[in-house]
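Notes follow once the structure below has been shown.
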Amino acid sequence: MSFQDTTQRFLFEHADVRGELVSLDQSYREVLAKHDYPEAVKALLGEMLAATVLLSTTIKFDGLLILQARSSGPLSTLMVECSSDQAVRGIARYSDDIQGDTLPELMPDGILTITIDPQQGQRYQGIVPLEGHSLAEALSAYFDNSEQLPTRFRLQADGRSARGFLLQALPADRQIDPEERDATWEHLSILANTLKAEELVSLDNQTLLHRLFHQEDLRLFDPALVRFECSCSAERSANALISLGHEDALALLAEQGGAIEVDCQFCNSRYAFAQAELDDLFEAAHQHARSLH
Ligand SMILES: [Zn+2]
């Protein structure tokens, strides 16, 4: 079954609970196409992609949300970025002798970092242990432990398509009585728990929601499109070189023989800077610095 790359919100009419369903095909495959990842890494990177899009729908922000998992195990890094307008990119780093396919095998003693990098204002960062048997479990635990709204994640990816499901309690509005609210959350999370992995990967959103919640009054919103897009540019690479300093950049140039090549790990774009370009860059940076004084 093929889906468009979308994320779609749903809301219970008589409960303070919302949900989100994300489906990634093309964008997931574009992320995978840049590297020759082992199957287990493809799957986990797909789960990370789905999770990052889901997280991005739970907060209001203007900028980037970055989800990063790190471990001293065979899979050392998983990193996904999702912009507030749902452009995603992602990368994995792993050792050549990688073995196993579960999260505890691939990323033992890992940590999970959630960063919100707004275009304006303060950067936010939350760090939690990468606990549990899956990324979905680790994220659910993160919400439980950080005294945020109770949230449940389900994630599934197979190297071709990635899907994610989220259920989240909202602040009291439709239901005020705390016991009633707890009972509703309990009821809806139990229903959500009956979702099977094969249903998550094979059913369209309407069928899936009907199967889980057919007795509930539910509103399904228009889907938002998700796309692969890399935020790298020649200008960003140039800025990285400028931050090295002129002397170090020239040393690097000599070392690399005639041109500094900056490769983007996310999309494999290559930005090359020869001596003349490097001189222009530092001259411009110098002028700019002078004009500020
Ligand atoms: Zn790039």
Where nothing but the Cβ of Lys and Arg (+1) and of Asp and Glu (-1) is charged, how large is the charge dipole of the range 221-267 around its Cα centre, in debye to the nearest 20? 140 debye
For the chain, return all DSSP H helices satisfying: extent of Cα atoms along own axis at least 18 Å; mean Kyte-Doolittle hydropathy at least 0.5. 39-58
Dipole magnitude (debye, nearest 20) for the range 1-149, charges at Cβ of Lys, Arg, Asp, Glu: 380 debye
For K60, give me every one of the lysines with a C-alpha distance below 18 angstrom, ignoring sequence neighbours fewer than eight places off in its own chain. none
Normalised radius of gyration for the range 1-132, please: alpha carbon Rg relative to 2.2 N^0.38 Å, two decimal places. 1.10
Specify the inter-centroid distance of the range 65-121 and the range 186-206, based on alpha-carbon positions, in whole Å. 25 Å
Treating each Cα of the chain as an identical point scatterer and ignoring solvent, apply the Debye formula and state log10 I(q)/I(0) at q = 0.10, 0.11, 0.13 Å⁻¹. -0.62, -0.72, -0.94
Relative frequency of Cα-Cα separations exceeding 22 Å in the range 109-209, percent: 44 percent
Taking N as the number of residues in the range 186-293, what is its alpha-carbon radius of gyration divided by 2.2 N^0.38 Å? 2.01
Roughly how big is the range 234-291's charge dipole about its Cα centre, with Cβ charges of +1 (Lys, Arg) and -1 (Asp, Glu), in debye to the nearest 20? 180 debye
For Q206 and A289, compute 0.36 nm times the residue count separating them, minus their Cα-Cα distance, and round to one decimal in nm. 24.2 nm
Take the Cα atoms of the range 234-291, build their convex hull, and give its volume per residue in Å³. 74 Å³
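Throughout, read-outs are computed from the coordinates displayed, never taken from laboratory work. As the structure is a computational prediction, the values presented were derived from the model and not from experiment. Note that each Cβ is placed from the backbone with ideal geometry, even for glycine, and that neighbours are counted across all protein chains shown.
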